[in-house]
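Asks: Structure incoming, see below.
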Amino acid sequence: MLSKVAIVGRPNVGKSTLFNRIIGQRLSITDSTPGVTRDRIYATGEWLGQEFNLIDTGGIELSDAPFQVEIKAQAEVAMEEADVIIMLCDCRSGVTDDDVFIAKLLYRSNKPVILAINKVDDQKFLDNTYEFYSLGLGDPIPVSSNHGVGVGDLLDKVIEILPKKNDSNYNDAICFSLIGRPNVGKSSLTNALLRNERVIVSNIPGTTTDAIDTRFTAYGKDYVVIDTAGLRKRGKIYENMEKYMAIRTIDAIMRSDVVLLVLDAESGFQEQDKHVAQYCDEYNRPTIIVVNKWDAVDKDSKAMNEWTKSVRENFKFLDYAPIVFLSALENKRVQTLFPQIEVAYNSYNKRVSTSILNDVFNDAIAMNPPAEFNGGKAKFYYISQVGTQPPTFAIFLNDPRFVHFSYLRYLENQLRKSFDFFGTPIKLQLRKRD
C-alpha cells in the first residue's frame, strides 16, 4: 500500500494546480472561481523514485458557501487518511481567518504538516512568506504551482518524512479482494470461503466500512481474502464515510494479486456495476466476475447463457475475465472459485520465452498483415516481454503512428490465444526503432 499525501487549504490558493504539477497531468479542474474542487481527487505521484498517493481536496472556509459542510468533511477525512499533509496558502493575500481555522484543524490531526506558500512567482513576493510563521506550522516553503518554482524543494521535504510502506505483507500467499456495489453479498461470500462467521453479514447496504484481511488455507494453498466496503457513484459520495470506503477499496485492489468483482443475480445488472468494474481495468489487476445469489434466480436452460451475454456486453474491457456463478448464502459452487483464482494468478505472473514469443508474433503478422494507416504502413521488427503483473510486451517497429488500435487488439488476442493469458490484462507498448 502506498503512503498518502493530502493537499489542504482554503479556496483558490492553487491546490489543484499544485496537484496537477506534482502528478504531471491535468486531472484536477483548475479555475479562478473559489470552490471548483468539491470532492477529493486521488492520483499517484512520484519523486526521487518513491511513489505515493496524492489527494486533492476542496477549499475549506468559514463562510456559508455552497457545499461547505461536505467539503470540510471531505478534507477532514483526507487528513485522517494522510501520512503527510501539505497546507497550501497564498502569499499575496497573507494570513487569513480561514488559514488560522485550517491550521487549528491540523494541530488536532497529529499528522506531519508541511507549510507551503504558493504564488511566489517573483522575488518581490518572497518577504510575504515570513508572515506565515504565525500559523505555528514550521518553516514555510515558497512555491509557484504555475511555474514549478520550489516544488522540488517541497517534494524533497515530503519524501524526507513520508513513511515507506510495503505493497503487500503476504508474499507467500495469493491475496485477492472482493469488490462490488453495496449489498451484493461480498461479506457472505467471504464467510463461505472461510467457512465460518468471521465477518458481520447484514442485508443493510454499507455494513462493511473498512477492508478486512483474513489469511486462510484451502486445498493445500495459502490465501488472503480482503472483504471491502461497497462502492457508490463518485458523483453521489459526499458523506465522509462513503468516500473513506471508496479509497480503502482502491487500496485493497492495489494490494491484491487477483480481484473478484461480485454481481447480484437477484437484483440484476446495474450501471453502478460497470463503474466499480472500471477500477479493475484502471489498476491492471486479474479479475474474476462472480455472479452471486444464483440460488434466487428462476433458472431455465438459457439463464446462464443470457447472464454471460449481458456481462460480456457490459464489461467489454474485461473480456478476458472468467465468469463464475454461485450462491454464497447456500455455499453452492463456491469451491469453483479457487481454480479460477489460481489460473488468473499464474497468468498475471507468466513469462514467455522470447524465441517462442517472436514465432507467434511473426505468424500473427503473416496471417494478417497491417493495413496502411496515418499515411504509412507499420513494419514490425520484434517483440519482447519486459515485465509481469500484468504481462507487459514491448513491440519494436518503424513508427507507432502507423498502427490502428484495432490491429493492436488483434495482436493482443493472438498472444492471449497462444499463451493462455486467461483472467489477466496484458499490456502492449509500441516502441519506435530507427
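The values are calculated or read from the model by the stated rules, or taken from the named source; none is laboratory data. Here the structure is a predicted model, which means the values were calculated and not measured. When we count neighbours, we look across all protein chains shown, and the Cβ atoms used for this are built from the backbone with ideal geometry, even at glycine. Each accessible area value is taken on the protein alone, full model and side chains, heavy atoms only, with ligands, DNA and RNA left out. Shrake-Rupley method; radii C 1.70, N 1.55, O 1.52, S 1.80 Å.
Asks: Look through the stretch 173-190, keep the residues that are open to solvent by 10 Å² or more (accessible area, probe 1.4 Å) and touching a Gly at 6+ places or on another chain (Cβ under 7 Å), and return whichever of them is nearest to residue 338 (Cα to Cα).
Replies: Looking at residues that are open to solvent by 10 Å² or more (accessible area, probe 1.4 Å) and touching a Gly at 6+ places or on another chain (Cβ under 7 Å), I get 186.
Asks: Hey, among 279, 223, 238, which residue is at pLDDT below 90 and within 21 Å of residue 348 (Cβ to Cβ)? Before you say what the answer is, go through the steps one by one.
Replies: Numbers: 223 fails: at pLDDT below 90; 238 fails: within 21 Å of residue 348 (Cβ to Cβ).
Step by step, each of 279, 223, 238 is checked, and only 279 is at pLDDT below 90 and within 21 Å of residue 348 (Cβ to Cβ).
Asks: Let me ask something else. Residues that are farther than 25 Å from residue 288 by Cβ and more than 28 Å from the chain's Cα centre (by Cα): does the stretch 417-433 have at least one? Can you show your working first?
Replies: Start the filter on the stretch 417-433 by keeping residues that are farther than 25 Å from residue 288 by Cβ, which leaves 429-433.
The next check asks that each one be more than 28 Å from the chain's Cα centre (by Cα); those that pass are 432-433.
The answer is yes; a qualifying residue exists.
Asks: Considering the stretch 320-377 alone, what residues qualify as being within 30 Å of residue 257 (Cβ to Cβ), touching a strand residue (DSSP E or B) at 6+ places or on another chain (Cβ under 9 Å), open to solvent by less than 50 Å² (accessible area, probe 1.4 Å) and of a type outside the set (A, V, I, L, M, F, W, C)?
Replies: Hits for the stretch 320-377 are 320, 322, 327, 336, 342, 348, 358.
Asks: So, one more: Is at least one residue of the stretch 352-366 in contact (Cβ under 8 Å) with a residue 24 or more places away in the chain and closer than 15 Å to residue 424 by Cα?
Replies: Within the stretch 352-366, one or more residues are in contact (Cβ under 8 Å) with a residue 24 or more places away in the chain and closer than 15 Å to residue 424 by Cα.
Asks: For the stretch 399-416, give me each residue that is surrounded by 16 or more Cβ atoms within 10 Å (Cβ to Cβ) and among the polar types (S, T, N, Q).
Replies: Once the filter is applied, which keeps residues that are surrounded by 16 or more Cβ atoms within 10 Å (Cβ to Cβ) and among the polar types (S, T, N, Q), the stretch 399-416 yields only 414.
Asks: Separate question: Does residue 111 meet the test of being in a loop (DSSP other than H, G, I, E, B), loosely packed, with under 13 Cβ neighbours inside 10 Å, under 31 Å from the mean Cα position of the chain (by Cα) and touching a residue at least 24 places away in the same chain (Cβ under 8 Å)?
Replies: The answer is no for residue 111.
Asks: Which one of these does residue 105 not meet: (1) within 27 Å of the chain's Cα centre (by Cα); (2) touching a residue at least 24 places away in the same chain (Cβ under 8 Å); (3) farther than 30 Å from residue 330 by Cβ?
Replies: So residue 105 meets the others, but not (1).
Asks: Can I ask one more? Tell me whether the stretch 133-141 contains one or more residues that are at negative phi, of a type in the set (Gly, Ala, Ser) and open to solvent by less than 10 Å² (accessible area, probe 1.4 Å).
Replies: Restricting attention to the stretch 133-141, the residues satisfying the condition of being at negative phi are 133-135, 137, 139-141.
Within this subset, residues satisfying the condition of being of a type in the set (Gly, Ala, Ser) are 134.
Now restrict to residues that are open to solvent by less than 10 Å² (accessible area, probe 1.4 Å): none.
There is no residue in the stretch 133-141 that is at negative phi, of a type in the set (Gly, Ala, Ser) and open to solvent by less than 10 Å² (accessible area, probe 1.4 Å).
Asks: When residues of the stretch 390-410 are filtered for being touching a Pro at 6+ places or on another chain (Cβ under 6 Å) and part of a strand (DSSP E or B), how many remain?
Replies: Total meeting the criteria: 0.
Asks: Residue check: is residue 301 open to solvent by 20 Å² or more (accessible area, probe 1.4 Å) and more than 20 Å from residue 175 (Cβ to Cβ)?
Replies: On the way: open to solvent by 20 Å² or more (accessible area, probe 1.4 Å): yes; more than 20 Å from residue 175 (Cβ to Cβ): yes.
So residue 301 passes the test.
Asks: So which of 77, 8, 13, 84 is under 30 Å from residue 177 (Cα atoms), open to solvent by less than 30 Å² (accessible area, probe 1.4 Å) and at pLDDT 70 or above?
Replies: Numbers: 77 fails: at pLDDT 70 or above; 8 fails: under 30 Å from residue 177 (Cα atoms); 13 fails: under 30 Å from residue 177 (Cα atoms).
Testing whether each residue is under 30 Å from residue 177 (Cα atoms), open to solvent by less than 30 Å² (accessible area, probe 1.4 Å) and at pLDDT 70 or above leaves just 84.
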